[in-house]
1. Kirkwood Rh over Cα pairs of the range 346-470 into Stokes-Einstein at 20 °C, 1.002 mPa s: D in µm²/s?
2. Determine, for each peptide in 61-72, 653-664, the mean count of other beta carbons within 10 angstrom over its residues, then list the peptides with the highest first.
3. One quarter of the convex hull surface, Cα atoms only: what value does that give for the range 447-519 in nm²?
4. With label points built 7 Å along Cα→Cβ from the Cα atoms of D306 and V28, find their separation and express it in nm.
5. Along each of the three principal axes of the Cα atoms of the range 20-155, give the extent in whole Å, ordering the values from largest to smallest.
6. Which three extents, in angstrom, do the Cα atoms of the range 91-271 have along their principal axes, listed largest first?
7. How many percent of all Cα-Cα pairs in the range 599-701 sit more than 25 Å apart?
Amino acid sequence: MAMTDISSNAMEVLKRRYLAKDENGTPVETVEQMFRRVADSVAAADAKYSENASVEGLSDAFFELMTSLKFLPNSPTLMNAGRPLGQLSACFVLPIDDSMVDIFDTVKNAALIHQSGGGTGFSFSRLRQAGATVRSTGGVASGPVSFMRVFNMATEAVKQGGTRRGANMGILRVDHPDIEEFIRCKKNNSDITNFNISVGLTEAFMQAVEKNEDYDLIDPRSKRPCGKRSARKLFDEIVEAAWSNGEPGIIFLDRLNRDNVVPSQGEIESTNPCGEQPLLPYESCNLGSINLVKMLKKTEFGWEIDYQELRNTITLAVHFLDNVIDINNYPLEKIGEVTRSTRKIGLGIMGFADMLLYLGIPYDSNEGVDLAEHLMGFINQCGHNASRELAAIRGSFPLFGESIYKDEAPLRNGTVTTIAPTGTISMIGGCSSGIEPIFAFAYIRNVMDNTRLVEVNPVLLETLKARGLYSEELMERIAKEGTIAHIDEIPADIRRVFVCAHDVSPLYHTRMQAAFQKYTDNAVSKTVNFRHDATKEEVEEVYRLSYQLGCKGVTIYRDGSRDSQVLNIGKVSGEDKAEEPAAPVFTEVKPRPRPAITQGFTERVKIGCGNLYITVNYDENGICEVFTSTGKAGGCPSQSEATARLVSVALRSGISVQEIYDQLKGIRCPSTIRQQGMSCTSCPDAIAKVVAKVAKYIEEHNAGGCPQPMEAERRTPVTHAPKASAANISSDNMHFCPECGAKLEHEGGCVICRSCGFSKCG
């Protein structure tokens with residue numbers, strides 16, 4: 001097999017995250033060996049159904065399917081198939097019942113799932129509201145949000161245990177009495193960091209919103225009305241929160257249950273962390289995606305979709321995913337039982353935006369929306385046909401007789417299609433993610449020797465070269481702006497087709513999601529990206545439109561909203577507008593003179609560029625001087641010196657050490673974050689920590705001696721591509737990648753770095 005289609009960046013992602021490694025973190029298999037490992041393992045399931053099964057031939061077919069990049073399974077399958085862990089499912093849904101025993105049983109099960117590398121979805125709607133009486137103890141309940149924090153802490157503690165970070169989805173019904181607290185629970189982005197949250201909306205609630213009526217709150221224990229609330233007011237609160245920091249999303253619960261394949265098994269209450277896979281309690285999702293770029297063929301008239309190739313790929317992919325169910329090593333036996341009873345799979349796509357570029361169709365056009373609907377209709381029909389063919393050989397899923405399909409031809413799988421965010425999978429495939437539009441058409445990538453490389457979308461690059469428009473200067477400009485919408489040197493016909501995420505109106509984001517949802521068994525994960533200056537009214541329009549067009553849920557993100565959260569002070573409209581603050585009055589501040597004689601300490605701190613020497617001097621009035629010098633390895637001496645000088649002036653001007661520490665701590669430098677064994681995240685962070693430590697030492701000892709040096713973080717040493725932990729990264733800092741410093745993209749409630757492959761939900 002030729003690996004020419006796999007980019008150098010994708011190869012690096014595979015080495016870091018997917019290839020089997022020894023105890024020192026060194027890869028012990030090649031990319032070809034990884035694909036062969038997966039193909040052999042998945043094909044082996046055929047022997048279960050026939051002694052004469054051509055397992056070797058099927059393995060070759062699966063191998064070609066993946067190495068041609070026509071189809072790729074989800075990350076856990078690539079990572080774990082054929083290896084001791086053997087856990088191949090991406091995500092799970094666990095029930096939470098209203099007793100302390102049940103709650104902490106679920107905490108334990110969630111921890112085991114996260115240890116195996118999976119993510120979890122929960123509905124907290126069964127838990128009684130805060131303040132409700134607990135008869136067994138005579139006390140009062142603390143409510144769903146308090147237990148969300150318990151789950152957050154538990155899964156945070158173990159989320160690095162597997163190869164893949166897990167994440168959580170938390171859902172609360174809109175008619176739960178604690179719904180307002182739930183909506184506000186992530187207002188502080190440092191709280192409940194390991195959860196995506198969504199409000200479970202009902203048809204009754206949405207009808208009340210339309211009519212501007214009150215709706216009933218329902219007591220989780222008695223299932224009886226226990227109060228009323230204005231539907232319009234609560235809807236506005238949801239919109240306000242989403243506009244402020246992207247959460248909560250919304251899920252239309254009645255639509256999830258309209259398509260519940262086996263309603264006899266109970267209601268669907270939750271989804272996986274990204275929202276595209278509604279699941280019954282203890283079900284798991286087994287996903288894979290077809291690369292639509294590989295489904296194109298070039299003719300004398302240009303590019304067109306090869307529907308025969310697409311049909312063949314769908315048939316083999318369904319066979320692959322059905323086999324995954326049989327070889328999967330589920331983290332709990334109950335999960336294995338429930339998953340095998342419905343045999344749900346989720347075949348999706350990636351590279352849709354790239355396909356549109358090849359076809360010359362703008363993403364934000366009626367033609368683009370129509371193609372999406374037609375294409376997904378074809379995929380869903382072919383997928384169901386392939387599942388029926390398997391059922392004729394292997395039998396239907398065990399609960400078929402209780403299913404909504406019981407009067408139709410037998411199906412092997414309860415569901416067949418899902419549109420998931422493809423994240424690093426699309427990076428390996430060399431295509432755009434899921435059904436998202438292109439986030440940016442060019443990136444500036446910094447390689448190890450600080451060389452700047454401009455990476456341009458291959459379709460745009462090909463188009464510009466064909467039209468004689470290519471230049472390095474133009475590529476630099478595209479990389480700087482991300483979009484080509486305002487670059488007049490590029491002809492209008494090219495600019496019309498090559499639109500990026502922020503060029504697409506929220507209307508077309510939503511219409512495109514609805515077009516795919518029409519022919520998708522499960523749900524569609526997609527982020528409606530807004531510009532920073534988008535209004536709350538625009539967010540409301542998307543939420544309403546998603547309901548009107550038949551979506552099962554929607555996630556939005558307003559660019560930079562989490563970084564600007566501190567600016568959202570007071571009310572924006574209505575009678576409760578905050579009064580405009582009076583203009584501040586400044587008095588002249590002069591630093592006291594530097595004393596002739598000082599005493600102090602010098603500490604050597606390891607940074608990403610070498611060593612930084614930080615000297616902190618003080619006199620009887622406190623710290624009065626800070627200065628730095630760098631080791632032979634270099635670093636940023638001018639920036640460090642400037643920071644130290646400003647800190648010195650601030651301290652001699654009466655600014656508190658605490659204030660300085662608060663301003664400088666946590667500033668992140670990619671060259672430092674990438675390294676293991678660091679006690680700091682940047683030179684300013686190191687300066688802040690040393691100053692604070694010396695100040696504390698002076699206060700406590702007021703005498704000679706020397707404070708203890710900063711301890712480096714204790715991490716397991718690796719010898720290849722060290723991984724930075726995202727465990728302590730707040731949402732405020734998630735605008736840039738914690739591993740390489742590149743800008744992050746938001747998709748499906750998650751963040752993804754196109755530069756190095758880092759991803760995180762929440």
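1. Numbers: Rh = 17.6 Å.
For the chosen part, D equals 122 µm²/s.
2. Values: 61-72: 20.6, 653-664: 14.8.
So the peptides 61-72, 653-664, ranked by packing, come out 61-72, 653-664.
3. Numbers: hull surface 28.1 nm².
For the range 447-519, the mean projected area of the Cα convex hull comes to 7.0 nm².
4. 3.8
5. Reported extents, whole Å, longest axis first: 65, 40, 25.
6. Result for the range 91-271: principal-axis Cα extents of 49, 40, 38 Å.
7. Numbers: 744 of 5253 pairs.
Looking at the range 599-701, the distances longer than 25 Å represent 14 percent of pairs.
Values quoted throughout were computed directly from the atomic coordinates according to the rules given, and no laboratory measurement underlies them. Because the structure is a prediction, the values reported are computed rather than measured. Cβ: placed from backbone, ideal geometry, glycine included. Neighbour counts: every protein chain shown.
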